[in-house]
């Protein structure tokens with residue numbers, strides 16, 4: 001869909017009624033491709049004994065449900081959603097005694113959903129009810145992409161947002177949900193003084209919500225000290241995308257804020273400094289603060305930000321908790337072999353869509369011969385009925401370096417497209433695949 005600011009303007013539409021999780025890819029208000037959750041929902045529904053229910057404010061609850069889907073108005077941010085979650089879980093557990101309520105809940109939180117769960121468990125006191133929190137690409141430390149969105153209103157192609165940028169920025173800056181995703185660390189460096197800043201310290205009018213968001217993150221950090229001190233505290237299980245180019249740093253020259261890829265070299269990151277991110281959240285940002293010194297084994301995953309919610313390991317972990325099995329039986333690689341995919345989230349019809357892929361460095365370790373390595377790309381388009389149809393034939397990408405490959409697409413028709421990249425027989429890694437959605441607009 002094209003951007004219609006007033007439909008999601010808080011002043012015009014102060015309340016939305018969430019009726020379910022996103023079920024298919026679509027273009028959101030910041031022109032971001034949002035993969036749906038239908039694969040995750042289908043896999044949860046297939047678990048033995050699973051009874052699903054959607055947490056909706058306009059209808060009653062199924063008392064037999066043991067898998068809850070929790071949609072919320074993302075515009076309002078973390079805190080209102082966390083209060084709704086607290087009310088929902090309290091009502092669902094009301095018929096159980098205190099022993100049965102203890103450590104009853106396993107939460108899967110994708111992206112901002114992980115922050116919602118953290119606020120419920122910490123500031124709202126929900127920790128005693130929670131057995132485990134699985135976070136998928138959650139910006140525990142924030143994401144510079146939100147900084148770029150609020151300050152620069154990035155658009156698509158030359159002139160796409162002509163006459164619309166001010167409307168877009170005005171609407172988004174009223175959303176606490178975007179402010180809550182701002183970096184909570186000094187991701188900004190002044191090119192003139194060398195001083196570093198957190199977003200709320202910069203004093204930009206377009207970041208007026210940053211101080212409130214900073215306070216929200218501080219509330220989470222403070223309350224989680226008490227959570228960590230609990231006897232047998234809930235387990236926090238972050239899953240972190242690490243191999244994809246991701247906005248991670250910003251520079252301020254007094255007039256313009258430039259947000260770019262890569263880790264801010266003025267900040268320590270330890271072992272995470274060599275990682276990139278999941279295309280939306282930097283790897284280090286997806287790590288909870290209290291786990292800064294934790295062993296990263298098993299945390300890294302190959303998926304990009306959107307598709308990771310559909311990965312099959314998610315339901316395997318849920319089943320593991322049902323069996324009280326150790327997580328090491330589910331996912332334990334320290335740094336799995338992965339392709340690094342870079343492509344724009346949206347583009348204008350007829351404009352080139354650049355795609356680049358990097359193979360893992362270990363493919364060339366020990367002087368391995370990589371000159372015959374090939375990377376293949378397959379593109380499909382999603383129709384109105386949700387079915388995908390191939391666009392052309394699978395094609396081989398062009399090599400630009402020993403482990404780097406590129407190509408350009410020129411989709412003629414607006415719509416949603418999915419790209420799948422395959423690198424067969426990579427030395428030391430075997431067959432590798434990755435993929436994601438991109439949108440084409442008129």
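Could you order the peptides 372-384, 177-189 from most to least packed, using the average number of other C-beta atoms within 10 Å per residue?
Highest mean packing first, the order is 177-189, 372-384.
Along Cα→Cβ, 7 Å out, is where each label goes; now give me the distance between the ones at residue 429 and residue 267 in nm to one decimal.
The two pseudo-label positions are separated by 2.6 nm.
How large is the Kirkwood hydrodynamic radius of segment 68-130, in angstrom, based on all distinct alpha carbon pairs?
In segment 68-130 this quantity evaluates to 11.9 Å.
In whole Å, how far is the Cα centre of segment 205-240 from that of segment 372-442?
A separation of 38 Å, based on Cα centres.
Just the number, please: percent antiparallel of the DSSP beta bridges in the chain, rounded to the nearest 5.
Percentage antiparallel, nearest 5: 65.
For labels at residue 412 and residue 83 in the simple 7 Å Cα→Cβ model, what's the distance in nm?
Simple spin-label model gives 5.4 nm for this pair.
Compute the FRET efficiency between residue 376 and residue 316 as 1/(1 + (r/R0)^6), taking r as their Cβ-Cβ distance and R0 = 22 Å, and round to the nearest 0.05.
Efficiency, from the Cβ-Cβ distance: 0.20.
For residue 365 and residue 208 in one chain, what is 0.36 nm times their gap in residues minus the Cα-Cα distance, to one decimal in nm?
51.7 nm
For segment 142-292, rounded, prolate or oblate, judged on the Cα gyration tensor with a ≥ b ≥ c (square roots of eigenvalues), a/c < 1.5 rounded, else prolate if a/b > b/c?
prolate
Using a/c under 1.5 as the rounded threshold, could you call segment 340-441 rounded, prolate or oblate? The axes a ≥ b ≥ c are square roots of the C-alpha gyration tensor eigenvalues, and prolate needs a/b larger than b/c, oblate otherwise.
prolate
Which length gain, in nm to one decimal place, applies between residue 10 and residue 50 when the Cα-Cα distance is subtracted from 0.36 nm times their residue separation?
Value of the extension gain: 10.8 nm.
For the chain, what is the calculated [θ] at 222 nm in deg cm²/dmol (nearest 500), taking -39500 (n - 2.57) for each run of four or more DSSP H residues and dividing by its residue count?
It comes out at -6000 deg cm²/dmol, rounded to the nearest 500.
At a Förster radius of 60 Å, what calculated FRET efficiency corresponds to the Cβ-Cβ distance of residue 38 and residue 193, to the nearest 0.05?
After rounding to 0.05, the efficiency reads 0.75.
Based on the alpha-carbon gyration tensor of the chain and its eigenvalue square roots a ≥ b ≥ c, which shape applies: rounded if a/c is under 1.5, prolate if not and a/b is larger than b/c, or oblate?
rounded
Quick note: the coordinates plus some simple rules give every number you see, no bench work behind them. Worth saying up front: this structure is predicted, and the values here are computed from it rather than measured. As a convention, Cβ positions derive from the backbone with ideal geometry for all residues, glycine included, and neighbour counts pool all protein chains shown.
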